[in-house]
Amino acid sequence: MSIYYIYQDQKRCIGCYACEVHCKTKNSLAVGPRFCRIIQVGPKQVQDIPRLSFIFMPCFHCEKPWCVSACPTGAMQKRTKDGIVFIDASLCVGCKSCITACPWGVPQWDKSSGKAIKCDYCKDRIDKGLKPACVTKCTAHALRWISTEEASELKRKRRALEIAEG
Amino acid sequence: MCGMCAVRCPIRVETEKDVVAWIEGNPFVPGIEGALCAKGSAGISFEYDDERPQYPMIRDGARGSGQWRKAAWDEALEYISNKLNSIRERYGSKSIALADRGGPFTDLTKSFLKAIGSPNYFDHDDSCAKNVNMACQSLFGYGRGEVGYDFSNAKYIVLFGRNIFESLQVKEVNNVLDGMEKGAKLIYVDVRATVTASKSDKFLTIRPGTDYAMLLALAHVIVKERLFDAEYVASYISGMEELEAFVSQYTPEWAEKETGVPAHEIYAVAREAAAAKPNVIFHGGWMLSRYIDSFYASRMLYILNALLGSVESKGGLILAKGPKDAGMKGLRSLGADMPDVGDRIVDSLMENKSLGTGHMVNLYKAIRTGEPYPVKAFIAYRFDPVAAFPDPDEQKKVLDNLELLVAIDVNFSETAWYADIILPEATYLERSNIIATQKGPKPGFIMRRQSVKPRYDSKPAWEIFTLLAERMGAGRYFPYKSIEEIWNYQLGPTGVKAADFDVKGFVSLVKDPIMMPRDDVKFKTESGKIELLSPKLHKAGFTSFAPYATPRKPAEGCFRLVFGRTAVHAHAQSQNNPYLNEIISENTLWLNSGEAIKLGIKDGDKVEICADGYTGIIKAHVTPFIHPEAVFMLHGFGNEIPLKTRSFGKGLRDTKFQKGSLETVDPVGGGVAYLECMVSVKKT
């Protein structure tokens with residue numbers, strides 16, 4: 001897994017789909033492929049409130065990415081320095097093995113080039129010390145660019161607060 | 001400043017070789033800090049979309065026929081000024097009207113009208129917040145735009161149909177979420193479960209059209225149980241005894257029968273809100289052009305704040321401060337040195353009218369009847385009444401009385417499509433605007449500056465109105481050759497320089513928010529107090545306390561047609577945007593599950609909606625989370641302009657079903673009563 005993690009604060013997320021558009025504009029994507037998705041689940045009645053869940057689905061940049069193993073040309077790669085999984089477009093032959101392999105439906109198909117494309121955590125921005133587009137511009141500051149350790153700490157603190165306040 | 005919707009959030013734009021490469025929320029603005037909504041980000045796909053007006057277009061067929069010829073700017077301006085001058089000769093300058101969507105830049109349009117001698121400036125507010133604005137003024141003497149909300153410090157927030165997380169302003173969303181993180185409770189009352197309902201601590205489904213009943217009952221409990229802020233009430237409120245007498249009949253038990261909201265919930269909200277006083281917000285309403293009693297509903301929302309002492313309190317409602325309150329001079333109006341207009345705005349002379357003037361509905365009336373005097377030319381500037389107001393077909397009939405209909409817009413709006421001429425305005429990324437004042441706890445000025453050159457043959461508004469003024473013999477009042485000249489003129493008395501905007505895009509006039517001392521709050525009413533008994537209302541022939549009247553119940557198989565917003569689209573203007581259309585391309589009809597069973601309709605079925613002979617087919621979204629008397633659709637779909645290929649013919653337009661409702665308004669506030677429309681629904 002990459003050393004980074006996008007933490008989605010469910011309490012702040014309002015399911016506004018801005019992250020999808022931030023991503024599409026940053027990556028100049030055609031209509032069709034989406035590197036990240038907000039999937040709405042619900043509403044489900046929870047204690048008299050019709051609760052909606054908005055599940056953020058970017059690439060998880062797995063430790064052992066199915067897509068990298070499946071790629072026959074070496075186009076799909078994992079960056080050594082930080083584990084970001086990305087595609088070298090010049091090597092992609094459009095065989096769609098990665099699309100078949102990924103259990104989460106992450107790699108997308110780009111009709112115009114006939115190649116697979118995917119979320120690379122906006123690595124050009126990361127290399128400049130910035131954050132991915134989806135995080136930088138999240139409407140409600142619900143997405144956070146933090147390490148897994150920080151995410152764990154954050155969740156524990158929040159849970160502790162909930163327990164303390166009953 | 002963003003231009004994708006009328007909120008105009010502050011943005012920062014990066015360009016590469018005169019191409020917009022990146023848009024983000026202004027990082028210097030607290031509560032924004034980079035944040036931008038989907039519409040804002042889709043500004044790039046709007047900019048690089050070809051399906052927008054690219055050059056001036058003059059009608060070359062019947063109105064609405066879609067037959068156009070391309071014109072050069074000179075020809076287009078000549079065409080307009082010749083017609084306007086001819087109309088002016090025959091009917092006077094007052095027969096020329098202009099309407100826009102209000103907002104921070106109206107000094108330009110108002111000054112243009114002043115320069116050509118017309119009093120007839122209108123805005124979109126009859127279709128939006130007019131009732132709220134009037135209600136707010138009748139109590140505080142401040143307009144609703146001058147009464148902000150301190151959500152991040154509130155402890156108890158009550159929203160009646162204010163779908164704050166979908167009909168969104170970025171900063172406001174963050175302030176509410178910050179408040180909730182700090183423990184604020186969010187109470188949401190609506191006819192359907194929105195995203196806001198989903199995020200709330202308490203969601204109460206209410207029968208459509210009965211908000212006022214529940215509000216009366218809340219006031220009843222607060223008064224009867226003496227839960228109000230006695231000191232605040234004694235200092236700042238006039239008419240308390242009359243209020244007490246008036247609300248005594250409206251018990252929660254009575255309201256339960258009207259609203260369907262259990263009486264114990266009404267008691268709970270009243271008591272919990274009172275326990276949190278004064279850090280309480282009852283939102284006064286946003287788009288509250290809904291029912292014929294929305295003015296009084298909004299007024300009661302504001303009264304509840306007043307009773308709990310939350311007006312001009314931290315965590316409550318904050319009165320706006322301007323440059324004067326910061327000890328500074330304001331911007332100089334472009335019209336400052338122009339002679340006053342002698343004629344009066346057309347609706348000031350109308351009988352039996354609602355409060356105030358400048359009602360778009362009244363402009364339509366004047367165009368239709370020629371009374372009290374004829375209005376023969378109408379300029380719709382970045383404003384689309386045909387899409388926004390009820391019954392587009394009826395509107396078009398009225399507009400046929402005009403000798404000239406001009407649309408100035410960045411979009412092919414429904415109004416533009418029916419116009420005689422379309423002038424393409426440069427987009428918000430391609431133009432600079434006049435400097436705007438930002439009123440609020442921290443008053444200041446804000447600048448929209450051009451990011452890239454216009455892609456097409458379009459012009460910024462300041463230039464369009466300058467050129468028109470010139471051609472109408474008013475050039476001496478609009479002597480500007482560049483936006484910089486205008487900025488310098490505006491900033492003249494303030495001591496602020498145009499360069500001061502370079503880094504942040506705005507200039508704050510104070511470091512810390514300005515609050516009036518708790519023991520010395522001044523209201524802009526006659527008495528200086530919050531006037532529950534309003535002389536202003538009485539003078540206009542209205543009562544301060546209107547008795548509740550129960551709304552009509554829809555017949556079997558019929559429903560009240562409710563509409564609303566999603567976070568993804570702005571009114572009727574964004575449905576064709578490639579990226580936004582990708583997310584939501586078509587609307588559906590929300591229908592209550594129980595009603596659906598009676599009608600034999602299943603989720604996803606195609607259903608036929610009908611009102612007064614107008615029918616449309618739409619997919620049903622069957623859900624238990626809408627009141628059985630209501631059906632709901634998103635506003636803004638059902639585009640009829642073929643040039644907008646992605647959204648053409650997709651979904652239905654709510655306003656088409658509001659047959660004959662163009663002049664159905666709240667009689668006091670003047671806001672259109674859109675939700676008085678009933679439709680029948682059946683399976684196809």
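The values are calculated or read from the model by the stated rules, or taken from the named source; none is laboratory data. The shown structure was predicted, so the numbers you read here are calculated from the model rather than taken from an experiment. Don't worry about glycine lacking a Cβ; one is built from the backbone with ideal geometry, like all the others, and counts go over all protein chains shown.
Give the residues of the range A:107-133 that are touching a strand residue (DSSP E or B) at 6+ places or on another chain (Cβ under 6 Å) and within 14 Å of chain B (Cβ to nearest Cβ), sorted by residue number.
A:Gln108, A:Lys131
For the range B:552-597, which residues satisfy the criterion of being closer than 17 Å to B:Lys683 by Cβ and without any contact (Cβ under 8 Å) to a residue 24 or more places away in the chain? Break it down stepwise before answering.
Pass one, the range B:552-597, residues closer than 17 Å to B:Lys683 by Cβ: B:556-559, B:588-597.
Passing the criteria: B:Glu556, B:Ile597.
Determine whether B:Lys17 is touching a strand residue (DSSP E or B) at 6+ places or on another chain (Cβ under 7 Å) and more than 14 Å from every other protein chain (Cβ to nearest Cβ).
Values: touching a strand residue (DSSP E or B) at 6+ places or on another chain (Cβ under 7 Å): no; more than 14 Å from every other protein chain (Cβ to nearest Cβ): yes.
No, not satisfied.
Between a first residue in the range B:612-638 that is away from chain A (no Cβ under 14 Å) and among the polar types (S, T, N, Q) and a second residue that is part of a strand (DSSP E or B) and surrounded by 22 or more Cβ atoms within 10 Å (Cβ to Cβ), which pairs have beta carbons less than 9 Å apart while being 6 or more apart in sequence or on different chains?
B:Thr615/B:Ile609
Give the residue, chosen from B:Arg192, B:Arg144, that is away from chain A (no Cβ under 11 Å) and modelled with pLDDT of 95 or more.
B:Arg144
Those residues that are surrounded by 18 or more Cβ atoms within 10 Å (Cβ to Cβ), touching an Asp or Glu at 6+ places or on another chain (Cβ under 6 Å) and of a type outside the set (A, V, I, L, M), I need them from the range B:55-99; list them, please.
Matches in the range B:55-99: B:Arg59, B:Trp68, B:Lys94.
Can you pull out the strands (runs of 3 or more DSSP E) entirely within the range A:16-121 that have at least 3 residues that are out of contact with any helix residue (DSSP H, G or I) (no Cβ under 8 Å at 6 or more places or on another chain)? Lay out the reasoning, then the answer.
Numbers: elements: A:37-46, A:49-57, A:76-78, A:85-87, A:108-110, A:115-117.
Correct list: A:37-46, A:49-57.
For the range B:121-139, enumerate the residues that are assigned to a loop (DSSP other than H, G, I, E, B) and closer than 20 Å to B:Ser413 by Cα.
Initially, the range B:121-139 is screened for residues assigned to a loop (DSSP other than H, G, I, E, B), giving B:128-129.
Listed by number, the list holds a single entry, B:Cys128.
Restricting to the range B:404-419, count the residues that are in contact (Cβ under 8 Å) with a residue 40 or more places away in the chain and either hydrophobic (A, V, I, L, M, F, W, C) or within 19 Å of B:Ala366 (Cβ to Cβ) (or both).
So in the range B:404-419, the residues in contact (Cβ under 8 Å) with a residue 40 or more places away in the chain come out as B:404-406, B:408-414, B:416-419.
The next check asks that each one be either hydrophobic (A, V, I, L, M, F, W, C) or within 19 Å of B:Ala366 (Cβ to Cβ) (or both); those that pass are B:404-406, B:408, B:410, B:412, B:416-419.
The total comes to 10.
So B:Lys182 clears everything in (1) away from chain A (no Cβ under 11 Å); (2) more than 14 Å from B:Ile626 (Cα to Cα); (3) in contact with a strand residue (DSSP E or B) (Cβ under 6 Å, 6 or more places away or on another chain) except one condition, right? Which one?
(3)
So if I check each of B:Ala193, B:Ala197, B:Ala213, B:Ala184, which one is within 23 Å of B:Asp666 (Cβ to Cβ) and crowded, with 22+ Cβ neighbours inside 10 Å?
Values: B:Ala193 fails: within 23 Å of B:Asp666 (Cβ to Cβ); B:Ala197 fails: within 23 Å of B:Asp666 (Cβ to Cβ); B:Ala184 fails: within 23 Å of B:Asp666 (Cβ to Cβ).
Selected residue: B:Ala213, the only one of B:Ala193, B:Ala197, B:Ala213, B:Ala184 that is within 23 Å of B:Asp666 (Cβ to Cβ) and crowded, with 22+ Cβ neighbours inside 10 Å.
In the range B:549-605, which residues are more than 19 Å from B:Leu634 (Cα to Cα) and of a type outside the set (A, V, I, L, M)?
The answer is B:Thr550, B:Pro551, B:Arg552, B:Lys553, B:Pro554, B:Glu556, B:Gly557, B:Gly594, B:Glu595, B:Lys598, B:Gly600, B:Lys602.
Out of B:Glu608, B:Glu586, I need the residue that is more than 28 Å from the chain's Cα centre (by Cα) and surrounded by fewer than 22 Cβ atoms within 10 Å (Cβ to Cβ). Which one? Quick ask: steps written out before the conclusion?
Numbers: B:Glu586 fails: more than 28 Å from the chain's Cα centre (by Cα).
Just a single option satisfies the conditions, and that option is B:Glu608.
Would you please name the residue that is farthest from the other protein chains (Cβ to nearest Cβ), looking only at residues in the range B:41-57 that are closer than 21 Å to B:Asn639 by Cβ and among the hydroxyl-bearing types (Ser, Thr, Tyr)? Spell out the reasoning first.
Applying the first criterion (closer than 21 Å to B:Asn639 by Cβ) to the range B:41-57 yields B:42-43, B:45-54, B:57.
Imposing the further condition that a residue be among the hydroxyl-bearing types (Ser, Thr, Tyr) reduces the set to B:45, B:48.
Values: B:Ser45: 7, B:Tyr48: 10 Å.
This residue is B:Tyr48.
Could you please tell me which pairs satisfy a Cβ distance under 8 Å, a separation of 6+ or placement on different chains, a first residue in the range B:335-357 that is at pLDDT below 95, and a second residue that is of a type outside the set (Phe, Trp, Tyr) and assigned to a loop (DSSP other than H, G, I, E, B)?
Sorted first by the residue in the range B:335-357, then by its partner, the pairs are B:Leu349/B:Pro372; B:Lys353/B:His359; B:Lys353/B:Gly670.
Does the range B:21-40 hold any residues that are modelled with pLDDT of 95 or more, more than 9 Å from every other protein chain (Cβ to nearest Cβ) and crowded, with 17+ Cβ neighbours inside 10 Å, and which are they?
Hits for the range B:21-40 are B:Asn26, B:Val29, B:Ile32.
Being surrounded by fewer than 18 Cβ atoms within 10 Å (Cβ to Cβ) and over 28 Å from B:Asp520 (Cα atoms) is true for just one of B:Ala263, B:Ala234, B:Ala230. Which residue is that? Steps first, please.
Details: B:Ala234 fails: over 28 Å from B:Asp520 (Cα atoms); B:Ala230 fails: over 28 Å from B:Asp520 (Cα atoms).
When all the criteria are applied, what remains is B:Ala263.
Which numbered condition in (1) within 20 Å of B:Gly671 (Cβ to Cβ); (2) surrounded by fewer than 24 Cβ atoms within 10 Å (Cβ to Cβ); (3) touching a residue at least 60 places away in the same chain (Cβ under 8 Å) is the only one that B:Pro119 fails?
If we test B:Pro119 against (1) within 20 Å of B:Gly671 (Cβ to Cβ); (2) surrounded by fewer than 24 Cβ atoms within 10 Å (Cβ to Cβ); (3) touching a residue at least 60 places away in the same chain (Cβ under 8 Å), just (1) comes out false.
Looking only at residues in the range A:24-37 that are surrounded by 13 or more Cβ atoms within 10 Å (Cβ to Cβ) and at the interface with chain B (Cβ under 9 Å from one of its Cβ atoms), which one is farthest from B:Gly43 (Cα to Cα)? Even if it seems obvious, please write down each step before you answer.
Applying the first criterion (surrounded by 13 or more Cβ atoms within 10 Å (Cβ to Cβ)) to the range A:24-37 yields A:24-27, A:29-31, A:33-37.
Next cut, at the interface with chain B (Cβ under 9 Å from one of its Cβ atoms) only: A:24-26, A:29-31, A:34.
Values: A:Lys24: 12, A:Thr25: 9, A:Lys26: 12, A:Leu29: 14, A:Ala30: 15, A:Val31: 15, A:Arg34: 18 Å.
The extreme case among them is A:Arg34.
Filter the strands (runs of 3 or more DSSP E) completely within the range B:489-598 down to those with at least 1 residues that are within 30 Å of B:Gly316 (Cα to Cα) and of a type outside the set (Val, Ile, Thr). Working first, answer last.
Details: elements: B:506-508, B:558-564, B:589-592.
Passing ranges, in order: B:506-508, B:558-564.
Would you call B:Ser118 away from every other protein chain (no Cβ under 14 Å), small (Gly, Ala, Ser) and in a loop (DSSP other than H, G, I, E, B)? It would help to see each step written out before you state the result.
Values: away from every other protein chain (no Cβ under 14 Å): yes; small (Gly, Ala, Ser): yes; in a loop (DSSP other than H, G, I, E, B): yes.
Yes; evaluated as a whole, the condition is true for this residue.
Tell me which residues, restricted to the range B:444-483, are farther than 27 Å from B:Asp340 by Cα and not in a loop (DSSP other than H, G, I, E, B). Spell out the reasoning first.
So in the range B:444-483, the residues farther than 27 Å from B:Asp340 by Cα come out as B:444, B:446-459.
Across the range B:444-483, the qualifying residues are B:Gly444, B:Ile446, B:Lys459.
In the range B:163-181, what residues are surrounded by 24 or more Cβ atoms within 10 Å (Cβ to Cβ) and in a loop (DSSP other than H, G, I, E, B)?
B:Ile164, B:Phe165, B:Leu168
Only residues that are of a type outside the set (Val, Ile, Thr), at pLDDT 95 or above and not in a helix (DSSP H, G or I): list them for the range B:599-614, please. Quick ask: steps written out before the conclusion?
First, the residues of the range B:599-614 that are of a type outside the set (Val, Ile, Thr): B:599-600, B:602-606, B:608, B:610-614.
With the extra rule that they be at pLDDT 95 or above, the set shrinks to B:599-600, B:602-606, B:608, B:610-611, B:614.
Residues satisfying the conditions are B:Gly600, B:Lys602, B:Asp603, B:Gly604, B:Asp605, B:Lys606, B:Glu608, B:Cys610, B:Ala611, B:Tyr614.
State which residue pairs qualify: first residue over 16 Å from B:Ala572 (Cα atoms) and inside the range B:384-403, second residue in a helix (DSSP H, G or I) and modelled with pLDDT of 95 or more in any location, beta carbons under 6 Å apart, and separation of 6 or more residues or different chains.
Correct list of pairs: B:Gln395/B:Val386; B:Lys396/B:Tyr418; B:Val398/B:Tyr364; B:Val398/B:Ile367; B:Val398/B:Arg368; B:Asn401/B:Ile367; B:Glu403/B:Ile87.
Condition check ((1) more than 14 Å from chain A (Cβ to nearest Cβ); (2) of a type outside the set (Asp, Glu); (3) over 17 Å from B:Ser298 (Cβ atoms)) across all residues:
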residue: B:Phe203; (1), (2), (3): no, yes, yes
residue: B:Arg207; (1), (2), (3): yes, yes, yes
residue: B:Met214; (1), (2), (3): yes, yes, no
residue: B:His220; (1), (2), (3): yes, yes, yes
residue: B:Glu225; (1), (2), (3): yes, no, yes
residue: B:Leu243; (1), (2), (3): yes, yes, no
residue: B:Phe246; (1), (2), (3): yes, yes, no
residue: B:Gln249; (1), (2), (3): yes, yes, yes
residue: B:Ala255; (1), (2), (3): yes, yes, yes
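When you go through A:Ile55, A:Ile14 one by one, which is the residue that is surrounded by fewer than 21 Cβ atoms within 10 Å (Cβ to Cβ) and not polar (S, T, N, Q)? Explain how you work it out, then say what you get.
Numbers: A:Ile14 fails: surrounded by fewer than 21 Cβ atoms within 10 Å (Cβ to Cβ).
One residue alone meets the criteria, A:Ile55.
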